Amino acid sequence: MTTVMIERCMTCGRCSAACPVAFAMDVPPHFWAVRVRQGEGESLARAEAIWSCLACFCCAARCPRGVRPVELAEQARSVTLRKENHTATFADETVLQIISKKSGKAIPQQLIVAAMRKKRA
Amino acid sequence: MTRVIIKRIGVFVCHCGSNIKATVDTAAVVDAIQSDASVVHAAEYPYFCAEGGQQSIINAVHAHALDAVVVCACSPRMHEATFRKAATRAGLNPYFVEIANIREQNSWVHKNKEAATQKAVQLARAAIAKVKRAVPLFPGESAVTKRALVIGGGIAGIQSALDIAEAGFEVVLVERTPSIGGKMAQLDKTFPTLDCAACILTPKMVEAATHEHIVLHTYTEVEKVAGYVGNFSVTLRKRARNVDMQKCTGCGDCYAACPVKRIPNEFECGLSNRAAIYVPFAQAVPNVPVIDRERCAYFRSGKCGRCAEVCQPGAVNFTQEDEILTIECGIIVVATGYQLLSPDMFGELSYHDSADVITSLELERFMNAAGPTGGKLLRPSDKQVPRRVTFVQCVGSRDTTRGKPYCSKICCMYTAKHAIAIKEKYPDSDVEIFYIDVRTPGKNFDEFYRRAVEAYGVRYIKGQIGKVVTTGDKLHLQAVDMLEGRRYNTTTDLLVLATAIEPARGAKTLAQMLNTATDTNGFFSEAHPKLRPVESATAGVFLSGACHGPKDIPETVAQASAAAAKAIGVLVKPKLVTNPCIAQVNETQCNGCTICNAVCPYLALSRDGERGCTTVNAALCQGCGGCAAACPSGAVDLLGFSHAQIHAEVDALCLQPTTHANAAPIKHTNNAHGGTTDD
Ligand SMILES: Cc1cc2nc3c(=O)[nH]c(=O)nc-3n(C[C@H](O)[C@H](O)[C@H](O)COP(=O)(O)OP(=O)(O)OC[C@H]3O[C@@H](n4cnc5c(N)ncnc54)[C@H](O)[C@@H]3O)c2cc1C
Ligand code: SF4
Ligand code: SF4
Ligand code: SF4
Ligand code: SF4
């Protein structure tokens, strides 16, 4: 399940054109909404691309239809982490989130994602 | 008012094929409504609107001596006129017909057959209750001013004006810029035949300007619109040109002499400059300059007057002022066209950062022999012929976040045209087009696009550009090739943006003046998307060209001629039949408070000082009913929708139906006509 408006994607490619790391992705962002729409979210979760995503939100900013591919990557990462029995998941309280609560400052998305990637490695 | 006793009503329940019958038990409706004593005949039929159906109604009127008819069928917008005509043929007053809408308001929106059947019975009862209180109404007549006003002098306005003028009617053609011609005058060649735009447009411009029935007002805008179909009165502001149209010979000495020269020329999309006194382009019609007062040194500082000094016939006139004109006309054609969406919102495409990123319209000027480079395609930055030209389609179109949600319709075709034109002129150049979809429906259109690919070797890449960076004399493009499913980084010399089309500036204000609607995107709305595509919802206002939505020239011209044909259809009428369903003031009840006067959007109401009450100008009233709702003493009634009728309908719908559901409704005091029968 996803809150991303995947049905709005018209496969224009602007997200992949904007994405700073799409060149290194096995599955660039313009495929993401389509994959999930076709019931192949699993294959997206297995793609290396979701771990290369910087969570920079370029794709979301440029998409002419208001799709937010970045959030599909986030969700796929969090599902994968949970499956791999990591106790702290993206949705749960991570160490960073605890820090954030204590310091009263929001954590930049990129930092959270970087932490996720470290955790997985 | 004649007092009519309606005692014998016929009810006709239509199946509309399966449209109604599939959801409504029509036989049960026929049964149920016969409990009303006034219903002396009820019948069902597959299509009452068909010839046979109408005839069966006429026969029933005769056979059962009916004095009113209720048709339970589709929306009155669809067939009210049909059934009123049938009633007239049967010898009834056409306003003794009521429609119960059991299709749009019932069968099409419900699934439960039992409930829908019950609702159909209720709606039928309401219509029966209403028709019982009907009074005969007789349409009036109004004169038609045999003159047309066309607003906008692009190809659409020119074509409509010529067609109406050719039919023998006077036309006033209003254009707000100094010359007619519109966007087409800016184009180089036109798809799909690649004929030169000026060659086919200029003769039409001249014909419009010299036609004996056409009066041209350029540099003129509409300020106010009053009146109604057949009798509009429009106020125009003809801006001061500061050049006498009669004396000017069009020699051009003035703009050569003008010392203020560095003003971006709007017609050339700012790619070249003009003087403060100027004609927008060489073939301008009329070929009479205007002074741009904001830039003119004389108007700014009182010093200069060079143009006046060199003008041999003494045409320059610094004291000229705006003129206000009033035009009486029978119809109005709107032909205000479009403009291009500014690429401002798309910073990643570097339109403002790089001179070598241009719009498609700017490219038209570069390719045009009369343009700033004499028809040579030279990069703005270094005036070299680009070796590679890249296009990106759908900039701001089909974009619900930063642009317009619709497809601009013409850009796929003109981009293919641009690619072919560049390949024709510079066969060694490399042309690449980024697209989302290529949309080329239209006669010979797809063939044209395929020719670009197959005969000219234009490379179409399914994908978009995410970022443009300039280094040295190259534009670096970060893009994607979606069919390959990979990033495609490349360089180019010139990048052309096919930007979206939007309504012309001021379209909304004009629509408000005309009392007509625009759609969510600001384009003028047609009265019916299929059956009345060139009429606006306001009687006597017609739509021509791209003011109604993105259109190419063939479609624009077709619509322009269609609008003209519709307009002529009004202008030829000796008299117009007026709608009798207008407001009526019960003078004994009206206390002259004038609350209704303020409500009326058509200015049809005024207070008669002597009698101390409001009176209705029957010619102006459009029967909107605002006054009837506003009047605190219930003194205003809308004929055909009287308070008595509407209350009876509401009672029929809301009070528990009994055997004689509508026999004893609540008494209402404000029954203006005394036309009721059974209460
Ligand atoms: C880059 C480009 C290339 C194109 N190439 C082609 C092609 O090859 N073939 C083709 O078929 N089509 C082409 N088109 C489309 C073509 O330009 C339009 O179909 C055509 O111009 C529409 O004509 P119009 O008269 O409706 O609108 P316009 O040309 O926009 O004319 C409207 C006129 O009304 C005036 N106006 C606006 N508001 C007011 C007002 N309130 N009061 C008075 N006057 C007003 C304007 O000043 C203007 O003169 C192209 C378009 C673009 C952008
Ligand atoms: S958020 Fe991820 S997918 Fe989107 S542009 Fe940034 S790196 Fe690419
Ligand atoms: S930019 Fe948006 S619409 Fe275009 S492919 Fe990416 S997600 Fe789909
Ligand atoms: S205003 Fe005078 S100088 Fe200018 S074009 Fe007309 S006649 Fe010539
Ligand atoms: S006509 Fe083609 S380029 Fe223009 S908006 Fe539609 S799809 Fe895009």
Please specify each residue of segment A:10-36 satisfying the condition of being within 16 Å of ligand 5 (Cβ to nearest atom), surrounded by fewer than 24 Cβ atoms within 10 Å (Cβ to Cβ) and not hydroxyl-bearing (Ser, Thr, Tyr).
-> A:10
For residue B:401: the one exception among (1) in a loop (DSSP other than H, G, I, E, B); (2) closer than 19 Å to residue A:15 by Cα; (3) away from ligand 2 (no atom under 16 Å from the Cβ) | (3)
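What do you reckon, is residue A:67 over 26 Å from residue B:500 (Cα atoms) and in contact with a helix residue (DSSP H, G or I) (Cβ under 6 Å, 6 or more places away or on another chain)?
On the way: over 26 Å from residue B:500 (Cα atoms): no; in contact with a helix residue (DSSP H, G or I) (Cβ under 6 Å, 6 or more places away or on another chain): yes.
Judged against the criteria, residue A:67 is not a match.
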Flag for residue B:449 being in contact (Cβ under 8 Å) with a residue 12 or more places away in the chain and part of a helix (DSSP H, G or I) = yes
How many of the residues making up segment B:456-502 are of a type in the set (Val, Ile, Thr), within 21 Å of residue B:437 (Cα to Cα), assigned to a strand (DSSP E or B) and away from chain A (no Cβ under 12 Å)?
-> 3
Considering segment B:393-449, residues that are among the charged types (D, E, K, R) and farther than 30 Å from residue A:67 by Cβ, and then whichever is nearest to the other protein chains (Cβ to nearest Cβ), we arrive at B:430
Subset of segment A:1-48, residues part of a loop (DSSP other than H, G, I, E, B), hydrophobic (A, V, I, L, M, F, W, C) and within 10 Å of ligand 3 (Cβ to nearest atom), comes to A:4, A:5, A:9, A:10, A:12, A:19
Sort out which residues of segment B:415-440 are surrounded by 21 or more Cβ atoms within 10 Å (Cβ to Cβ) and either of a type outside the set (A, V, I, L, M, F, W, C) or within 15 Å of ligand 3 (Cβ to nearest atom) (or both), and write them in order of number.
-> B:415, B:417, B:418, B:434, B:435, B:436
Modelled with pLDDT under 95 and within 16 Å of ligand 5 (Cβ to nearest atom): does that describe residue B:396?
-> no
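Would you check if residue A:110 is part of a helix (DSSP H, G or I), more than 16 Å from ligand 4 (Cβ to nearest atom), modelled with pLDDT under 90 and farther than 30 Å from residue B:349 by Cα?
Details: part of a helix (DSSP H, G or I): yes; more than 16 Å from ligand 4 (Cβ to nearest atom): yes; modelled with pLDDT under 90: yes; farther than 30 Å from residue B:349 by Cα: no.
No, not satisfied.
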Exception for residue B:490 within (1) touching a Ser or Thr at 6+ places or on another chain (Cβ under 6 Å); (2) surrounded by fewer than 23 Cβ atoms within 10 Å (Cβ to Cβ); (3) over 30 Å from residue B:556 (Cα atoms); (4) not charged (D, E, K, R) falls at (1)
How many residues are more than 9 Å from ligand 2 (Cβ to nearest atom) and either among the hydroxyl-bearing types (Ser, Thr, Tyr) or crowded, with 21+ Cβ neighbours inside 10 Å (or both) if we restrict to segment A:56-73?
-> 3
In segment B:637-659, which residues are over 36 Å from the mean Cα position of the chain (by Cα) and either part of a loop (DSSP other than H, G, I, E, B) or at positive phi (or both)?
-> B:655, B:656, B:657, B:658, B:659
So which of B:180, B:99, B:164 is in a helix (DSSP H, G or I), modelled with pLDDT of 95 or more and among the β-branched types (Val, Ile, Thr)?
-> B:164
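Which residues, counting only those in segment B:298-332, are more than 16 Å from ligand 4 (Cβ to nearest atom) and touching a residue at least 12 places away in the same chain (Cβ under 8 Å)? Break it down stepwise before answering.
Let us first name the residues in segment B:298-332 that are more than 16 Å from ligand 4 (Cβ to nearest atom), namely B:300-303, B:321-332.
Selection gives B:321, B:322, B:323, B:324, B:325, B:326, B:327, B:328, B:329, B:330, B:331, B:332.
Only one residue in B:359, B:373, B:336 is more than 32 Å from the chain's Cα centre (by Cα), modelled with pLDDT of 95 or more and either buried (at least 19 other Cβ atoms within 10 Å of the Cβ) or in the same structural domain as residue B:459 (by TED's automatic domain parsing) (or both), so which one is that?
Unique residue meeting the criteria: B:373.
Can you pull out every residue in segment B:627-636 that is buried (at least 19 other Cβ atoms within 10 Å of the Cβ) and either part of a loop (DSSP other than H, G, I, E, B) or modelled with pLDDT under 95 (or both)? Lay out the reasoning, then the answer.
Narrowing segment B:627-636 to residues buried (at least 19 other Cβ atoms within 10 Å of the Cβ): B:627-628, B:631, B:635-636.
If the condition is that a residue be buried (at least 19 other Cβ atoms within 10 Å of the Cβ) and either part of a loop (DSSP other than H, G, I, E, B) or modelled with pLDDT under 95 (or both), then B:631, B:635 are the ones that fit.
Table: residues versus (1) over 23 Å from residue B:651 (Cα atoms); (2) without any contact (Cβ under 8 Å) to a residue 40 or more places away in the chain; (3) not charged (D, E, K, R).
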{"site": "B:87", "(1), (2), (3)": "yes, yes, yes"}
{"site": "B:98", "(1), (2), (3)": "no, yes, no"}
{"site": "B:107", "(1), (2), (3)": "no, no, yes"}
{"site": "B:118", "(1), (2), (3)": "no, yes, yes"}
Would you be able to say whether some residue in segment B:3-25 is of a type in the set (A, V, I, L, M, F, W, C) and without any contact (Cβ under 8 Å) to a residue 60 or more places away in the chain?
-> no
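Residues in segment B:376-388: is at least one more than 14 Å from chain A (Cβ to nearest Cβ) and within 28 Å of residue A:9 (Cα to Cα)? Don't jump to the end; show me each part of the working.
If we filter segment B:376-388 for residues that are more than 14 Å from chain A (Cβ to nearest Cβ), which is where we start, we get B:376-388.
From the residues that got through so far, the ones that are within 28 Å of residue A:9 (Cα to Cα) too are none.
No, because not a single residue in segment B:376-388 is more than 14 Å from chain A (Cβ to nearest Cβ) and within 28 Å of residue A:9 (Cα to Cα).
Counting just the residues of segment A:49-66 that are of a type in the set (A, V, I, L, M) and more than 16 Å from residue A:6 (Cα to Cα), which one comes out nearest to ligand 3 (Cβ to nearest atom)?
Of segment A:49-66, the ones of a type in the set (A, V, I, L, M) are A:49-50, A:54-55, A:60-61.
Still in the running and more than 16 Å from residue A:6 (Cα to Cα): A:49-50, A:54-55.
On the way: A:49: 13, A:50: 15, A:54: 16, A:55: 15 Å.
Applying the filter and picking the extreme gives A:49.
Considering segment B:566-599 alone, what residues qualify as being in a loop (DSSP other than H, G, I, E, B) and among the charged types (D, E, K, R)?
First pass over segment B:566-599, keeping only residues in a loop (DSSP other than H, G, I, E, B): B:572-574, B:579-582, B:586-594.
Across segment B:566-599, the qualifying residues are B:573, B:587.
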How many residues does segment B:311-365 hold that are in a loop (DSSP other than H, G, I, E, B) and either farther than 22 Å from residue B:522 by Cα or of a type outside the set (A, V, I, L, M) (or both)?
-> 23
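The values are calculated or read from the model by the stated rules, or taken from the named source; none is laboratory data. Just so we're clear, the structure is a prediction, and the values are computed from it rather than from any experiment. Neighbour counts run over all protein chains shown; Cβ positions are idealised from the backbone, glycine included.
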